[in-house]
Amino acid sequence: MISSAPQKGFLAAHWDWIVAVVAILALGASAAFAVIAFGEDPGQRADETRAELASIKRSELGVSRVEQGPFTAAFKELSDPSRLAEPAETLGSFLASERRVFCEQGDDAEHKSCGQPIPAGLKVCPICQTKQPEEKKVELDTDGDGIPDSWELAHTMNPNDASDVNADADGDGFTNMEEFLAGTDPQDASSHPDYLDSLRIAGPLKKTTLPFYFEKASQIPGGWRFFFKDPSKKNSYGQKGLQYSVVAGEAIGDTGYTVKAYHKKTEKRAIKGGKGLAKEVDVSQAEIVRKADGRAVRLSMDERNKAIDVQAMLVYERGETKEFAVVKGDEIALNSEKFKVIEIKSLPNDGASVTLKNVESGKLRTISTLEQQ
């Protein structure tokens, strides 16, 4: 009898190998069965299945296309939230009421302002039909120096530096503030405020008068003899009233004047209380010349204290103060410009006016003590 012990020992010792062989045989059988059953490779079948699914339309599956617009808008709103728009100045909204101003008179002479509040920006008041003055635009002034930022930027100034109002970039003697107020170019030395704006008349006028007067003229052979009298000097008899008797071309004593010519003339003048009657009056003049400068002066008969030189004291107050004692015909220099004195006049209450001409441009300008009051 054959013992079974050795057989049991073999199975117990090699059971794992036996299980592995059985599994391999089962797997091979499954593959063979698949080939027989489906007639094709499983990998190829999987590719075909995926292609079939991709070709199926969404409508056939019962699924509609998802629109991306709402999701895109929601994402944008989260990343950049919307802000409430600022309402226009003149329009009202639920945030701010309509801007209003009071009706003003302006320069409308045909209507009278009602003074009622009206919408801003209207050219004519809807209540009283008064034309409204043009609204002034508020200019930004960042540094608070009194000059708008727009003007500073246009003239290469710093709108954040208040100290530049006192600068003088073009060296014409005027600060940036003065140029701004005058509307001139602070970077062009030829464009500046009028220098005469800084010139004033100091004190009353000083007058130089003739010490003598023209008394009469007598015709003589070949011309005229002139008689002048100086009431302040004594004659050869020790009496006041020295008389000079000269002909044309001769000196009038030691006065510094000579006689040049005689201008005989008469005119009719109304007789006071004569009811329209008139009489002939001698208004002849003697022409004398000052030796020092050749200045000619005409004297009417018995015209006393004739003013020859009228002197004005002009004070220039820009930078270092300068004073000029001038008479008609003198020239003065203010910075780089020259001015000629054309006329000096007396005004009531010891006032005065001086007319000057810009030598280069020929422009006339009159300054007076009335402007200084």
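The values are calculated or read from the model by the stated rules, or taken from the named source; none is laboratory data. Small disclaimer: the values here were computed from a predicted structure and weren't measured. Neighbour counts are summed over all protein chains in view; Cβ atoms, including those assigned to glycine, are modelled from backbone coordinates with ideal geometry.
Tabulated data for the structure shown
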| read-out | value |
| --- | --- |
| Only listed residue being modelled with pLDDT of 95 or more and in contact with a Lys or Arg (Cβ under 9 Å, 6 or more places away or on another chain), chosen from 288, 308, 271 | 288 |
| Qualifying residues in the range 232-264 (those that are hydroxyl-bearing (Ser, Thr, Tyr) and exposed (fewer than 11 other Cβ atoms within 10 Å of the Cβ)) - the one farthest from the chain's Cα centre (by Cα) | 237 |
| Sole residue being at pLDDT below 90, in contact with a helix residue (DSSP H, G or I) (Cβ under 6 Å, 6 or more places away or on another chain) and not polar (S, T, N, Q), chosen from 108, 80, 143 | 143 |
| Residues that are acidic (Asp, Glu) and either in contact with a Leu (Cβ under 7 Å, 6 or more places away or on another chain) or under 18 Å from residue 316 (Cα atoms) (or both), drawn from the range 155-178 | 172, 178 |
| Candidates 237, 262, filtered to the one that is more than 29 Å from residue 221 (Cα to Cα) and either at pLDDT below 90 or not basic (Lys, Arg) (or both) | 237 |
| Residue tally, condition assigned to a loop (DSSP other than H, G, I, E, B), in contact (Cβ under 8 Å) with a residue 24 or more places away in the chain and under 11 Å from residue 104 (Cα atoms), over the range 117-131 | 2 |
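So that you can scan it fast, the table gives a plain yes or no per residue for (1) among the acidic types (Asp, Glu); (2) surrounded by fewer than 16 Cβ atoms within 10 Å (Cβ to Cβ); (3) outside any loop (DSSP other than H, G, I, E, B):
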{"site": "274", "(1), (2), (3)": "no, yes, no"}
{"site": "294", "(1), (2), (3)": "no, yes, no"}
{"site": "310", "(1), (2), (3)": "no, no, yes"}
{"site": "329", "(1), (2), (3)": "no, yes, no"}
{"site": "343", "(1), (2), (3)": "yes, yes, yes"}
{"site": "355", "(1), (2), (3)": "no, no, yes"}
